Amino acid sequence: MRPDEVARYHADRPGYELLDYAEVALPVYKVALRVMLLQHTPLTPMFEFVLKTIRIGIDTLDEIAACLGIPPEMVKSTLEGLHTSEEIEIVGGTDGPERFRLTRKGEKTTSSLERVRPEQQTIRLFFDGLTREPIDASAAVLLSGREAHDLGMTEIPALPNAKIEVSDIDLAAAGRILSRERTGEGKRDLLAIKEIERRQRLHTPAIAMVFQEVGGGDVELLFATETTMLDEHNRRFALAEGPRKTRLLAEFSKPAVSAQDSFSRKLQTLDRAIAAPAPSGRKRTLRAKAPAAEGTISAVTVHEHPLLLWDAIATASDRVLIICPWITDQVVDKPALASIEKMLKRGVRLFVGYGLDDNDRKKRKKVPEALQRLASEYEGFQLHDFGDTHEKVLIKDDAFVVEGSFNWLSFRGDPDRKLRHERSLKVTDPAFVEKEFALFEARFRAKGRRGGKSVEGDAE
């Protein structure tokens, strides 16, 4: 599930409204422990048969060899091993042959058909930084701090921000995790933890959601992963105190957000506005954060670009301007054309500039003919081959301008495909937006309106 879908799933909370959400990285510690284990290993057939013959009273070397039908030398070697491990003891032997009997340990070994011996090892376990409990991380996505930062995630600090110590570790819980992780290595009981040799802080992805009581009451920060609300994490976070938690709440909570601008309300508005299916055939969903203050600049990640594009086409009231080098039918497909025509019928002006000459005519493909037909049919649609542009620009009304590296009309930015790094800046200052639009509109005027004519552009 995408982050916006996770937020939608958990948005219904009676008495509260979801103001905002963000991708976060929850703390996880990878810890190397020096421990004492009790190793259980199955008995070899030779040890099993010798122990069982001794238990029924066949207790000399020659008697055991004759009973089992094996050479005395093999029996002698086995008896020496069992004596060394204190599973048998020698009785008699002064006036006759040595006799053997099982010790208490040998009785247990014979009954369980496994040998038990203590050993020291260094093992690896993972601990949750909020619950401070050992966890099974075999199926978890674990990120370094740098990886979490590069993905735009906010790091959640461990609360309390103290190192994991031996005294913090629940021996029984750690033993259960160890048993699950080492199912193919035989049974091992965790007897004691001697010391922590090293610690490494990692992170696991989650979604943080800011809820506020209806009517402007208390604000809460809750964590979730896909369809699971992390109740224990939320309880521990609610009980935590200190400046790190205060700063985190201040970062996520925006006092200026009113109920009408909440995430829940804005999602309802966008769902009504974006009724047409997305070009991929899926319903569009937007990461709808509270409106930024005028004049702010924010970064746009790769998968957020298509959401901005189709939101602009669905909700613009005056104009949409798109500049990009290439146009392909992978993006401008039938559903996309239907959305564009619906916008044009509302009287919204559309400016599309494209085209980059690089002297490689073999790569050139025609702009989708259906898009050219729309340009010839609607007076408010200007479609021009600039022939010299490598710019990537999106302008909606005077609401925002986005400029960066994303090819708006030739790259889908599908989150289900392999990640491709693209990044842009979004500016919401109306004066700056108007200035940028005026610069590009002048180029359209200089070019002259061209509609319905077959023009070529490079395919990406």
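The values are calculated or read from the model by the stated rules, or taken from the named source; none is laboratory data. Nothing here was measured: the structure is a model prediction, and the numbers come from that model. For neighbour counting, all protein chains shown are included, and Cβ atoms are generated from backbone atoms with ideal geometry for every residue, glycine included.
Quick look at the values:
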item: Test for GLY347: is it at pLDDT below 90 and small (Gly, Ala, Ser); result: no
item: Among residues of segment 84-132, those that are over 22 Å from LYS187 (Cα atoms), assigned to a loop (DSSP other than H, G, I, E, B) and not β-branched (Val, Ile, Thr), counted; result: 9
item: Exclusive hit being surrounded by 15 or more Cβ atoms within 10 Å (Cβ to Cβ) and more than 52 Å from the chain's Cα centre (by Cα), set LEU18, LEU51; result: LEU51
item: Set LEU51, LEU26: member being at pLDDT 90 or above, closer than 20 Å to THR225 by Cβ, in contact with a helix residue (DSSP H, G or I) (Cβ under 9 Å, 6 or more places away or on another chain) and aliphatic (A, V, I, L, M); result: LEU26
item: Leading residue by the ranking (nearest to LEU125 (Cα to Cα)) among those in segment 154-198 that are polar (S, T, N, Q) and modelled with pLDDT under 85; result: SER179
item: Number of positions in segment 317-338 that are surrounded by fewer than 19 Cβ atoms within 10 Å (Cβ to Cβ) and more than 16 Å from HIS305 (Cβ to Cβ); result: 8
item: Index of the failed condition, ALA65 passing every other in (1) out of contact with any helix residue (DSSP H, G or I) (no Cβ under 9 Å at 6 or more places or on another chain); (2) free of Cβ contacts under 8 Å to residues at least 24 places away in the same chain; result: (1)
item: Extreme residue, farthest from MET209 (Cα to Cα), among residues of segment 108-146 that are charged (D, E, K, R) and without any contact (Cβ under 8 Å) to a residue 24 or more places away in the chain; result: LYS108
item: Count of segment 302-316 residues which are of a type in the set (Gly, Ala, Ser) and surrounded by 21 or more Cβ atoms within 10 Å (Cβ to Cβ); result: 1
item: All strands (runs of 3 or more DSSP E) inside segment 311-412 with 1 or more residues being over 22 Å from VAL433 (Cα atoms) and under 38 Å from the mean Cα position of the chain (by Cα); result: 364-366
item: Which numbered condition THR225 misses (of (1) under 18 Å from ARG2 (Cβ atoms); (2) more than 20 Å from the chain's Cα centre (by Cα); (3) at pLDDT 85 or above; (4) of a type outside the set (Lys, Arg)); result: (2)
item: Which listed residue, of VAL35, VAL24, VAL75, VAL31, is in a strand (DSSP E or B) and over 30 Å from ASP150 (Cα atoms); result: VAL35
item: From THR60, THR84, THR78, THR44, residue being without any contact (Cβ under 8 Å) to a residue 40 or more places away in the chain, hydroxyl-bearing (Ser, Thr, Tyr) and over 30 Å from ALA192 (Cα atoms); result: THR78
item: Helices (runs of 4 or more DSSP H) fully within segment 145-244 counting 2 or more residues that are buried (at least 19 other Cβ atoms within 10 Å of the Cβ); result: 171-181, 231-239
item: Single residue of THR328, THR389 found to be at pLDDT below 90, hydroxyl-bearing (Ser, Thr, Tyr) and touching a Ser or Thr at 6+ places or on another chain (Cβ under 9 Å); result: THR328
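Every residue, every condition in (1) at pLDDT 90 or above; (2) more than 26 Å from ARG346 (Cα to Cα); (3) surrounded by fewer than 16 Cβ atoms within 10 Å (Cβ to Cβ), yes or no:
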| residue | (1), (2), (3) |
| --- | --- |
| LEU371 | yes, no, no |
| SER376 | yes, no, yes |
| HIS384 | yes, no, no |
| LYS396 | yes, no, no |
| SER405 | no, yes, yes |
| PHE444 | no, no, no |
| LYS447 | no, no, yes |
